[in-house]
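So the structure is just underneath, and the comments pick up after that.
Every number here is computed from the coordinates shown, using simple stated rules; none is lab data. Model, not experiment: these values are computed from the prediction. All Cβ positions, glycine included, derive from the backbone under ideal geometry; neighbour counts span all protein chains shown.
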Amino acid sequence: MAPSCLRILTVVGARPQFIKAAVVSRAIADHNRQGVPPLIQEEIVHTGQHYDAQMSQVFFDELGLPAPAVNLGVGSGPHGQMTGRMLEKLEEIMHSRRPDWVLVYGDTNSTLAGALAAAKLHIPVAHVEAGLRSFNRQMPEEINRVLTDHLAQLHFCPTQTAMENLAREGITEGVFHVGDVMYDAAMLFAPIARQKSRLLETLHLQPKQYFLATIHRAENTDNPERLTGIWEGLNRLSKTRPVVVPLHPRTRHALQKCGLWELADTASGSNGLRIIEPVGFLDMIRLEESAALILTDSGGVQKEAYFHRVPCVTLREETEWLETVRTGWNRLVGTDPERIAQMAPWTPLEPITEYGDGQAARKVVAHFLGEHTL
């Protein structure tokens, strides 16, 4: 007979994971309130990959994500060093707690460290956002997601394309098309953001009269030529409308190192690059849905642009979210400053229906319960 409690250890470490985990944790709490066994006991471990308050704690506060049982405090560093520190500490946590499952999200170093530590201890791994592929092995995220999928026993795919990617790699067991938990989050928190966020007023921005840009991928921030192309393109684009840039700490450092920082114009009343500190999820939703155009190298922001029906320009040569390109919501421009500078809002071709019905988190919990009662 199956035990009455299912113990899940959730590993998170970066902004997108806090958001995804928040909606799954809500679905877990909803299940437990029904009182139908087995109840689910979830413990959250925060690796500390994002440690700045504006990149970390604010998301726990705004999203109602349960406080982490443990914060490893790993912080930043080279990929090998960061992942190694996480692996060492996560192994200790998992060995002492012996959960039934380890749940990981996305494609960060925290994702890989969580999956690898669990696999070494013979604890089954579940991966939310499984099956995504950019087919660019130069991206650290691509290595992380491929390895995690091959370590996992449960694969929760956001799209049919993701399922097909896994099948081509021989992964067909424990694969489920649940939809996108980020879509759940967008539907849940957008009305709250409209009610609570006052960021547009603070920045003196009018809806649909500005562009929004985010840059954080290592392939861009760690490559001076690519970063220069993006920054010059955004600077030229900002002569037509303000370009608001919530700036990742790593990107700020890279810009200063490359001598590009002086291009930033932080004036609040004119066109130009409007550099602001990283913002919480509710403020980011408000910025996204009110923008005329979004430019980003973030996979998550590409999808959020679609969720809020805003055309998106991706500052990369490829994307994991092929559906956004096929349907005309997303354009790949790389880092060519000329192409970036010529971007303007457009009318997308057609809707995307593959990201689910806003119930992805509930389906994730249902599949855990199904595995538990077998």
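Points worth noting:
- Once the chain from Arg168 to Leu349 is taken as fully extended at 0.36 nm per residue, the excess over their C-alpha distance is 62.2 nm.
- Shape of the range 177-316, Cα gyration tensor, a/c cut at 1.5: oblate
- Within the range 188-341: Cβ-based charge dipole about Cα centre, in debye rounded to nearest 20 (Lys, Arg +1; Asp, Glu -1): 460 debye
- From least to most packed, judged by other beta carbons within 10 angstrom and beginning with the fewest, Arg137, Arg26, Arg326, Arg339 follow the order Arg137, Arg326, Arg339, Arg26.
- Residue exposure sequence - Tyr210, Tyr183, Tyr105 - by fewest surrounding Cβ within 10 Å: Tyr210, Tyr183, Tyr105
- Where a label projected 7 Å from the Cα of Arg198 along Cα→Cβ would reach, residues of the range 282-301 with amide N under 15 Å: 283
- Total lysine pairs whose alpha carbons fall under 22 Å of each other in the chain (8 or more apart, or interchain): 8
- Percent of Cα pairs in the range 132-203 per distance bin of 10 Å, from zero to the largest separation: 17, 36, 21, 19, 7, 0.
- Per-residue ellipticity at 222 nm from helix content only, as computed over the chain with -39500 (n - 2.57) for each DSSP H run of at least four residues, stands at -13500 deg cm²/dmol.
- Selection from Val102, Leu273, Ala119, by position along the positive dipole direction of the chain (Cβ): Leu273
- Mean projection area, nm², convex hull over Cα of the range 1-149: 9.2 nm²
- Normalised contact order of the range 188-341, rounded percent, pairs of Cα under 8 Å and 6 or more residues apart: 28 percent
- Among residues other than Glu288 with Cβ under 13 Å from its Cβ, the summed charge is +2 (Lys and Arg +1, Asp and Glu -1).
- Distribution of pairwise C-alpha distances over the chain, 10 Å bins, in %: 5, 24, 34, 25, 9, 2, 0
- Order of Arg250, Arg145 - criterion: other Cβ atoms within 10 Å of each residue's Cβ, fewest first: Arg250, Arg145
- DSSP H segments from the chain that extend 20 Å or more along their own axis, Cα-based, with Kyte-Doolittle mean of -1.0 or above: 15-34, 79-97, 181-196
- Label-point separation, Glu338 to Ala67 (7 Å along Cα→Cβ), nm: 5.6 nm
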